[in-house]
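One structure follows; several queries about it will come next.
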Ligand SMILES: NC(=O)c1ccc[n+]([C@@H]2O[C@H](COP(=O)([O-])OP(=O)(O)OC[C@H]3O[C@@H](n4cnc5c(N)ncnc54)[C@H](OP(=O)(O)O)[C@@H]3O)[C@@H](O)[C@H]2O)c1
C-alpha cells in the first residue's frame, strides 16, 4: 500500500498514540487528535511533516466538523478514519444517571458517528475509504459494573455493521477492532457514576481494581503490538473481516461468549417451540 492519509482520534496516549506512530513510521500521513493539542506535541515533533495535530472534543459537534475540515485541508483528503478515542464509565445500571449515560454515549457512539458522517462524502467522492472503529470485546459481550460502556460499544458495533453494507458499493471498507486488555491510560481515565449503591460494591470493586491496575498488569498487551496488528489490517490487500479481535485474551473472551450465545440460542429455540400454553 502506498502513502495514505489517516485521521486517528485519541492520540495523546495509549492505543491511538501507538497506532499514529506506527502509521507515520510506515510512511503514511496522519492527522492526530486530542482535546488539548499540547498533549500531541511529542508525537508531532517525532514525525515532522507527517503527523498533524488537531484539537477534537468528540462531544462537541462544531469541534468534530472543524477537526475533519482541518484534517482534510492539511492532508488534501482522508483515506482512513480511525475512531479510537474513548473513555469508560464505571457503574451498575441502577447507579448510572441519565446525564452520565448520555455523556458516555456521546463519546462512544454519537462522536464517532458524527466523524463518519463527515468523512463519508469525501470517501464516496474519491471512490474509496476505510473506517476503523475501535470497540472492545464488550462490543459483543458484557462485564457487570460497566453497563453504559458495554452499551456504547455494542451500539458502535451495530452502527459499523450497517455502515459496512452501506459503504461497500462506494468502495468504503469498515473494520471494528476489538482490543483485549492493553496497558494504556484507559483504566485510570475511567469515570465513576456519582451514585454508589452498596449492594453493587462487590461487582464494582472487582471491575474497578482490574481496570485501574491495567497499565501495571504484566498480562496486558503492549500498545505497539496492537498498532502493528491494526496497521496490518488496514494495509491488507483484499477483503478483511468486519470484526477483528486483537490480543490473545480477546480471542479467549469471545470464544467463551460465542459458546454461551449458541447455548442461549438453542435453549430459547426449545423454549419457544414447545407447544404454547392454553389461553387462561
Ligand atoms: N486499553 C484497553 O485495554 C482497551 C480495551 C478495549 C478497548 N479499548 C478502547 O481503545 C480506545 C483507546 O483507549 P486507550 O486504551 O488508548 O485509552 P487512553 O490511553 O485513555 O486514551 C484515550 C484517548 O481518547 C481521548 N479522548 C477521551 N475522551 C475524549 C473526548 N471526549 N473527545 C476527544 N478525545 C477523547 C483521550 O484524549 P485526551 O487527551 O483528550 O483525554 C486519549 O487520547 C478506546 O476507545 C477504548 O474504549 C481499550
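Pull up region 148-170, narrow it to residues that are touching a strand residue (DSSP E or B) at 6+ places or on another chain (Cβ under 7 Å) and over 22 Å from residue 17 (Cβ atoms), then point me to the one that is surrounded by the fewest Cβ atoms within 10 Å (Cβ to Cβ).
If we filter region 148-170 for residues that are touching a strand residue (DSSP E or B) at 6+ places or on another chain (Cβ under 7 Å), which is where we start, we get 148-149, 156-157, 160, 163-164, 167.
Subset that is over 22 Å from residue 17 (Cβ atoms): 148, 157, 160, 163-164, 167.
Values: 148: 25, 157: 20, 160: 25, 163: 19, 164: 17, 167: 20.
Selected residue: 164.
If you don't mind, another one. Within the bounds of region 29-46, is there any residue that is assigned to a loop (DSSP other than H, G, I, E, B) and closer than 21 Å to residue 128 by Cβ?
no
Scan region 92-99 and give yes if some residue there is touching a strand residue (DSSP E or B) at 6+ places or on another chain (Cβ under 7 Å) and not in a loop (DSSP other than H, G, I, E, B), otherwise no.
no
Does any residue of region 249-271 turn out to be part of a loop (DSSP other than H, G, I, E, B), surrounded by 10 or more Cβ atoms within 10 Å (Cβ to Cβ), within 12 Å of the ligand (Cβ to nearest atom) and at pLDDT 95 or above?
Checked against the condition, which is being part of a loop (DSSP other than H, G, I, E, B), surrounded by 10 or more Cβ atoms within 10 Å (Cβ to Cβ), within 12 Å of the ligand (Cβ to nearest atom) and at pLDDT 95 or above, region 249-271 yields no hits at all.
Those residues that are assigned to a strand (DSSP E or B) and more than 15 Å from the chain's Cα centre (by Cα), I need them from region 179-197; list them, please.
First pass over region 179-197, keeping only residues assigned to a strand (DSSP E or B): 179, 182, 191-192.
Answer for region 179-197, where residues must be assigned to a strand (DSSP E or B) and more than 15 Å from the chain's Cα centre (by Cα): 191, 192.
Each row is one residue, and each column tells you yes or no for (1) over 13 Å from residue 147 (Cα atoms); (2) in contact (Cβ under 8 Å) with a residue 40 or more places away in the chain; (3) surrounded by fewer than 22 Cβ atoms within 10 Å (Cβ to Cβ).
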residue: 51; (1), (2), (3): yes, no, no
residue: 60; (1), (2), (3): yes, no, yes
residue: 78; (1), (2), (3): yes, yes, no
residue: 93; (1), (2), (3): no, yes, yes
residue: 97; (1), (2), (3): no, yes, yes
residue: 101; (1), (2), (3): no, yes, yes
residue: 104; (1), (2), (3): no, yes, no
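Now for a different question. Could you tell me which numbered condition residue 193 fails, if it satisfies all but one of (1) within 16 Å of the ligand (Cβ to nearest atom); (2) at pLDDT 95 or above?
(1)
On to the next question. On the basis of being modelled with pLDDT of 95 or more, surrounded by 15 or more Cβ atoms within 10 Å (Cβ to Cβ) and more than 20 Å from residue 153 (Cβ to Cβ), does residue 231 make the cut? Please lay out each step first, then the result.
Numbers: modelled with pLDDT of 95 or more: yes; surrounded by 15 or more Cβ atoms within 10 Å (Cβ to Cβ): yes; more than 20 Å from residue 153 (Cβ to Cβ): yes.
So residue 231 passes the test.
Also, I was wondering about something else. When the residues of region 24-49 are narrowed to those that are under 28 Å from residue 105 (Cα atoms) and away from the ligand (no atom under 13 Å from the Cβ), which ends up surrounded by the most Cβ atoms within 10 Å (Cβ to Cβ)?
The residue in question is 30.
Okay, next question. Restricting to region 106-127, what's the tally of residues that are without any contact (Cβ under 8 Å) to a residue 60 or more places away in the chain, away from the ligand (no atom under 15 Å from the Cβ) and either in a helix (DSSP H, G or I) or surrounded by 15 or more Cβ atoms within 10 Å (Cβ to Cβ) (or both)?
8
So in region 131-147, with the set limited to residues that are within 9 Å of the ligand (Cβ to nearest atom) and more than 17 Å from residue 227 (Cβ to Cβ), which one is surrounded by the most Cβ atoms within 10 Å (Cβ to Cβ)?
Only one residue fits best here, namely 139.
Any idea which residue in region 201-218 is farthest from the chain's Cα centre (by Cα), counting only those that are touching a residue at least 24 places away in the same chain (Cβ under 8 Å) and within 11 Å of the ligand (Cβ to nearest atom)?
217
Which one is modelled with the lowest pLDDT, of the residues in region 1-23 that are surrounded by fewer than 24 Cβ atoms within 10 Å (Cβ to Cβ) and away from the ligand (no atom under 14 Å from the Cβ)? Break it down into steps so the answer makes sense when it comes.
Keep residues of region 1-23 that are surrounded by fewer than 24 Cβ atoms within 10 Å (Cβ to Cβ), which gives 1-5, 12-14, 18, 21-22.
If we keep only those that are away from the ligand (no atom under 14 Å from the Cβ) as well, we get 1-5.
On the way: 1: 73, 2: 86, 3: 92, 4: 97, 5: 98.
Out of the qualifying residues, it is 1.
Could I ask something else about it? Can you tell me which residues in region 213-223 are surrounded by fewer than 14 Cβ atoms within 10 Å (Cβ to Cβ) and not in a loop (DSSP other than H, G, I, E, B)?
Matches in region 213-223: 216 only.
The values are calculated or read from the model by the stated rules, or taken from the named source; none is laboratory data. This one's a predicted model, so the numbers in the text were calculated from it and none came from an experiment. No Cβ is skipped: glycine too gets one built from the backbone with ideal geometry, and neighbour counts run over all protein chains shown.
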